[in-house]
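Q: Here it is: the structure, laid out below.
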Amino acid sequence: RDQGTAIILVEQSINVALTVAERAYFMEKGEVRFSGATSELLERDDIVRSVFLEGAAVATGAKAKTAKQPSTTADEFAASPVALEVAGLTKRFGGIRAVDDCDLVLRDGEILGLIGPNGAGKTTIFDLVSGFLVPDGGRIVLDGTDITTMPPDKRAWLGLGRSFQDARLAPSLTVA
């Protein structure tokens, strides 16, 4: 990140996401329900129920504490160039809309949390962005290049990397 690498973290746990991300998208049932600073996400009791906070906040609305203070605020990233943009992204599996008209923006050097419960559509978005799934609608733009129809290997040549959840596959690898 300090060298300008933009990172999307796909995570169910708000506690985990808040330890690294300053900005987040919260998904539920294939739709983005919130986008903004992670501190604002914690204030939205209508979106984030106490079950997702796993002890980070009490039902009365106490704010969770992150493991570290962000070195860069979400507002400071607003001036950074867009590294990745997803617009109107949609994916259906039969009659199920896994991702429904999703928009998100990731800027250079930013760590963005994509947060939500199981079945929210987080991994499907990740699979669409990395080229492992083909979208039913929308577009994906990486550093100004439309990559929506590109296969995963061409996306990798453009600098799009992916790390899978099982850290045991290659525990010594960095995100970069």
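Q: For the peptides 110-118, 133-141, what is the packing order when you average, over each peptide's residues, the other Cβ atoms within 10 Å and list the highest mean first?
A: My ranking of the peptides, most packed first, is 110-118, 133-141.
Q: Can you give me the long-range amide H partners of residue 9? Hydrogens built in the peptide plane at 1.01 Å from N, cutoff under 5 Å, separation of 5 or more residues or another chain.
A: So residue 9 has HN proximity to 112, 113, 114.
Q: Within a Cβ distance under 10 Å of residue 7, other residues only, what is the Lys/Arg minus Asp/Glu net charge?
A: 0
Q: Given H placed on each backbone N at 1.01 Å, which residues far from residue 137 in sequence or on other chains put an amide H within less than 5 Å of it?
A: Under 5 Å from the amide H of residue 137: 90.
Q: For the pair residue 45 and residue 154, how long in nm is the line joining their label points, each one 7 Å along Cα→Cβ?
A: If labels sit at residue 45 and residue 154, their model points lie 5.0 nm apart.
Q: Could I ask something else about it? Identify all aspartates and glutamates with a Cα-Cα distance to residue 154 below 14 Å; exclude those on the same chain that are fewer than 8 residues away in sequence.
A: List returned: 143, 146.
Q: For segment 118-168, what Kirkwood radius comes out of the mean inverse Cα-Cα distance, in Å?
A: Roughly 11.7 Å, rounded to one decimal.
Q: What does the charge count near residue 30 come to, summing +1 for each Lys or Arg and -1 for each Asp or Glu among other residues with Cβ under 15 Å from its Cβ?
A: Residues close to residue 30 contribute a combined charge of -1.
Q: Please list 3J(HN,Hα) in residue order for segment 123-134, calculated via the Karplus relation 6.51 cos²θ - 1.76 cosθ + 1.60 where θ = phi - 60°; whole Hz, with x for glycine and proline.
A: So the J values, rounded to whole Hz, are 5, 4, 4, 4, 5, 5, 5, 7, x, 7, 10, 9.
Q: Whose amide H sits under 5 Å from the amide H of residue 27, counting only residues 5 or more places off or on another chain, with H placed in the peptide plane?
A: Under 5 Å from the amide H of residue 27 lie the amide H atoms of 33, 115, 116, each far enough along the sequence or on another chain.
Bear in mind these aren't lab numbers, they're just calculated from the coordinates by the rules spelled out. A quick note: this is a predicted structure, and the numbers were derived from the prediction, not measured. With ideal geometry, Cβ positions are generated from the backbone for all residues, glycine too; neighbour counts draw on all protein chains shown.
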